[in-house]
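Since every read-out is calculated from the coordinates, none of them should be taken as a lab result. Everything numeric here is computed off the predicted structure, so don't read it as measured data. Counting neighbours? That spans all protein chains shown, and the Cβs are built from the backbone with ideal geometry, glycine included.
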Amino acid sequence: MLVMVVDTATAAVTAALARVGDDEVTLLAERVTIDARGAGELLAPQIAAVLAEGGVAAGDLTAVVAGLGPGPFTGLRAGLVTATAMGHALSVPVYGVCTLDAIGLRLSGRALVATDARRKEIYWAVYRDGQRLAGPDVARPAAVALDGIERAAGDGALKYADVLGLPVEGPSYPSALALTELAAERVRAKAPGETLTPLYLRRPDAVLPGERKPALQ
């Protein structure tokens with residue numbers, strides 16, 4: 001089963017082509033560009049590139065896997081809109097995966113996964129041996145409870161390592177392989193496609209303008 005994987009929840013704009021077999025997942029092609037504000041321009045060319053490298057057409061795909069975030073509104077939306085559009089156009093199911101889960105998948109012990117949420121905040125979740133125990137949520141690094149946490153991963157953990165006081169040992173960004181592995185059982189089972197619900201966790205920066213006040217009162 002050939003799967004297109006997209007994730008734009010972090011600064012790593014990711015597109016990949018993966019094969020989901022009966023017992024394993026194989027990554028066939030991958031493009032990752034670190035650009036926190038370039039998802040809208042980068043994702044489509046990266047999708048075309050991995051299809052070309054894999055020697056397949058879009059019509060050969062059997063599913064699309066997308067990172068649900070958490071992530072900033074504009075970047076995250078670019079990936080989810082693209083994944084949804086591909087699924088609709090190709091009549092294939094689309095499956096969502098929490099992006100933090102992909103970072104935390106292979107972390108041993110109790111670990112914090114934190115990605116950069118801007119505004120001096122992090123998106124975070126806590127894991128034990130790859131299984132999520134708490135989160136996802138958004139907070140300032142100093143406000144996250146760290147009792148029993150042994151290590152951290154994610155670009156937010158690296159950026160605020162001095163505040164968190166944890167060794168940063170895991171990946172900075174989610175891998176396409178981990179995203180696919182987390183969706184693999186649904187792909188194998190040919191489960192119904194899902195509505196991709198983004199994990200924004202807070203209101204977008206852009207707001208509608210307020211009602212204009214009359215010049216004369």
Note on segment 27-74: alpha-carbon gyration tensor, axes a ≥ b ≥ c; rule is a/c under 1.5 for rounded, else prolate if a/b larger than b/c, else oblate; result prolate
Of segment 109-138, those with amide N under 19 Å from the point 7 Å along the Cα→Cβ vector of residue 202 are 113-126, 135-138
Sorted on mean Cβ neighbours within 10 Å (highest first), peptides 101-114, 169-182, 29-42 come out as 101-114, 169-182, 29-42
In Å, the C-alpha Rg and Dmax of the chain are 18.3, 72
CD proxy, 222 nm, the chain: helix-only mean residue ellipticity via -39,500 (n - 2.57) per DSSP H run with n ≥ 4, per residue, nearest 500, stands at -8500 deg cm²/dmol
Length gained, residue 129-residue 1, 0.36 nm per residue minus C-alpha separation, equals 43.3 nm
Extension length gain for residue 191 and residue 41 (0.36 nm per residue less Cα distance), in nm, is 50.9 nm
quick shape note, segment 55-182: Cα extents on principal axes in Å, largest first -> 48, 29, 24
The Cα extents of segment 114-201 along the principal axes, largest first and rounded to whole Å, are 44, 25, 21
